[in-house]
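Undergrad: Sharing a structure here in structure tokens format.
The values are calculated or read from the model by the stated rules, or taken from the named source; none is laboratory data. The structure displayed is predicted, hence computed values, not measured ones. Here Cβ is always computed from backbone atoms with ideal geometry, including for glycine, and neighbour counts include all displayed protein chains. What goes into the accessible areas is simple: the full protein's heavy atoms, side chains included, and nothing from ligands, DNA or RNA. Shrake-Rupley method; radii C 1.70, N 1.55, O 1.52, S 1.80 Å.
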Amino acid sequence: MIKPISGFSRLNKKEKIDWLAKTYLIDRPEDVAILRQYWNEDSRLQQLHDEFTENTLSNFYLPFGLAPNFLINEDLLAIPMAIEESSVIAAASKAAKFWRTRGGFRAEVIDTKKIGQVHFNFFGAIEKLEHFFEVTKPKLLQAVKSITHNMEKRGGGVLNINLNDKTGEIANYYQLHCEFETKDSMGANFINSCLEKFAEVFQYEAQQFADFSPEEKDIEIIMSILSNYVPECLVRAEVSCRVEDLNENKDVKGEDFAKKFIQAVNIAEVEPFRAVTHNKGIMNGIDAVVLATGNDFRAVEAGIHAYASRNGKYSSLTHASIENGIFKFWIEVPLALGTVGGLTSLHPLVKLALDILQQPTAKELMKIVAVAGLAQNFAAINSLTTTGIQQGHMKMHLMNILNQHKATMQEKEILTKYFTKHTVTHSRAVEELRKLRNS
Ligand code: MEV
């Protein structure tokens, strides 16, 4: 019977691993050895990783790859991507190459507004609360001056505070709905610090407010937190070309390709079962760049999927059209990203990724990430509506199958060559490996 442990976080790393070994990995020294195998030889680098989070035992690697040839608003960029799924980087690179000779990607940031809310209960008349809010708003803004000072120097700060009446949904429930500009930082800490100060001052001022009854003075703060739903922190990326220039594949006319492609996008616009997979493919590109640049992919995922449902039904993030013989394909996504603060100056690979991207501002990174999502979606729909996804995917997945069966370098070389001319399936790959070993 396993006993709960108290004080686990206070053990040092060796003691934590020893506890794990004798509690859950009994007679499994090879598992314990793996933890150590993934430690970095450079103890300073390892300590840095240990200290990113809590109870760290080891590191969890993801491949860090590069998709070159992205022409974005006239700049030719190579995009770093951190992702474990085979064929994603190949697909991004293929789409980049395709569009480089057709005018490249164009991207623009529509807005960069971020949101945070103080959720509270008020027990009294709305008119009195509204009056109190108007009187108190300047005091709230004044109270965060020490927090906003540096951000204001960079051109950011608190943009506005509104009072929202939510009593139609929950009795006595109101919000301070606050808007922020956080420039090149993602801004989570900045926003949350401002919100907590707003809450404290709002509650204090209510106690002092002469017009309030004793009940009204007792504003109850429920919580203060930023929102990862940022529909006004929005970026758009687009590609376009003449329909006849789409015929990369000589067997398919540009017009036929475009029609089928657009119908595939239309299906994702109206059919949630398809939209989720369609958007998942987009997130393959988006998450990989978000991760490589040290941004919070959970926040990005949550915000984007909420945006995909903004009209009451989950739908495609991309759209496509033909007008006057021009094929156009575009994406609009909310992205709250940072290129300063957080991991950006701490994680050596994140610093490297940002250097590869020529040290973008947060706005530039928004454009790059949106382009990566659009490129990924273009590549996926291109495959899906022509050859099917498995042909390319299985080719890229071959290495995983061979590794699962512990193929040697020589076996990999022979079989990779063999499968340039044959269709890859899991069973065929295993069978060819078996034959090779028996021969
Ligand atoms: C696989 O990771 C992503 C795709 O399923 C996306 C799509 O279907 O559009 C290929």
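Undergrad: With respect to residue 24, determine if the residue is in contact (Cβ under 8 Å) with a residue 12 or more places away in the chain, closer than 19 Å to residue 3 by Cβ and open to solvent by 80 Å² or more (accessible area, probe 1.4 Å). Walk me through how you get there before you give the answer.
TA: Working: in contact (Cβ under 8 Å) with a residue 12 or more places away in the chain: yes; closer than 19 Å to residue 3 by Cβ: yes; open to solvent by 80 Å² or more (accessible area, probe 1.4 Å): yes.
Judged against the criteria, residue 24 is a match.
Undergrad: Right, residue 401: more than 16 Å from the ligand (Cβ to nearest atom), free of Cβ contacts under 8 Å to residues at least 40 places away in the same chain and under 19 Å from residue 88 (Cβ atoms) or not? Walk me through it before giving the result.
TA: Numbers: more than 16 Å from the ligand (Cβ to nearest atom): yes; free of Cβ contacts under 8 Å to residues at least 40 places away in the same chain: yes; under 19 Å from residue 88 (Cβ atoms): yes.
Yes: the conditions hold for residue 401.
Undergrad: Out of curiosity, is residue 89 assigned by TED's automatic domain parsing to the domain that holds residue 279 and either under 23 Å from residue 294 (Cα atoms) or in a helix (DSSP H, G or I) (or both)? Show your work before the answer.
TA: Numbers: assigned by TED's automatic domain parsing to the domain that holds residue 279: yes; either under 23 Å from residue 294 (Cα atoms) or in a helix (DSSP H, G or I) (or both): yes.
Spelling it out, residue 89 is indeed assigned by TED's automatic domain parsing to the domain that holds residue 279 and either under 23 Å from residue 294 (Cα atoms) or in a helix (DSSP H, G or I) (or both).
Undergrad: Further, regarding this structure: Have a look at 102, 106 and point out the one that is away from the ligand (no atom under 16 Å from the Cβ), at negative phi, assigned to a loop (DSSP other than H, G, I, E, B) and not hydroxyl-bearing (Ser, Thr, Tyr).
TA: Numbers: 106 fails: assigned to a loop (DSSP other than H, G, I, E, B).
So the residue among 102, 106 that is away from the ligand (no atom under 16 Å from the Cβ), at negative phi, assigned to a loop (DSSP other than H, G, I, E, B) and not hydroxyl-bearing (Ser, Thr, Tyr) is 102.
Undergrad: Under 9 Å by Cβ, and 6 or more places apart or on different chains, what pairs join a residue from the range 237-260 that is among the aromatic types (Phe, Trp, Tyr) with one that is surrounded by 15 or more Cβ atoms within 10 Å (Cβ to Cβ) and in a helix (DSSP H, G or I)?
TA: 257/243; 257/246; 257/382
Undergrad: Among the residues of the range 319-364, which ones are in a helix (DSSP H, G or I) and under 20 Å from residue 65 (Cβ atoms)? Write out each step before concluding.
TA: Applying the first criterion (in a helix (DSSP H, G or I)) to the range 319-364 yields 342-345, 348-356, 362-364.
343, 344, 348, 349, 350, 351, 352, 353, 354, 355, 356 - these are the residues of the range 319-364 that are in a helix (DSSP H, G or I) and under 20 Å from residue 65 (Cβ atoms).
Undergrad: Let me ask something additional. Do you know which residues across the range 320-353 are open to solvent by 60 Å² or more (accessible area, probe 1.4 Å) and on the phi > 0 side of the Ramachandran plot?
TA: 324, 342
Undergrad: Given the criteria under 17 Å from residue 237 (Cα atoms), out of contact with any Pro (no Cβ under 7 Å at 6 or more places or on another chain) and acidic (Asp, Glu), does residue 332 qualify?
TA: yes
Undergrad: Just give me the residues in the range 387-421 being at pLDDT 90 or above, β-branched (Val, Ile, Thr) and open to solvent by 30 Å² or more (accessible area, probe 1.4 Å), in sequence order.
TA: Of everything in the range 387-421, those that are at pLDDT 90 or above, β-branched (Val, Ile, Thr) and open to solvent by 30 Å² or more (accessible area, probe 1.4 Å) turn out to be 408, 414, 416.
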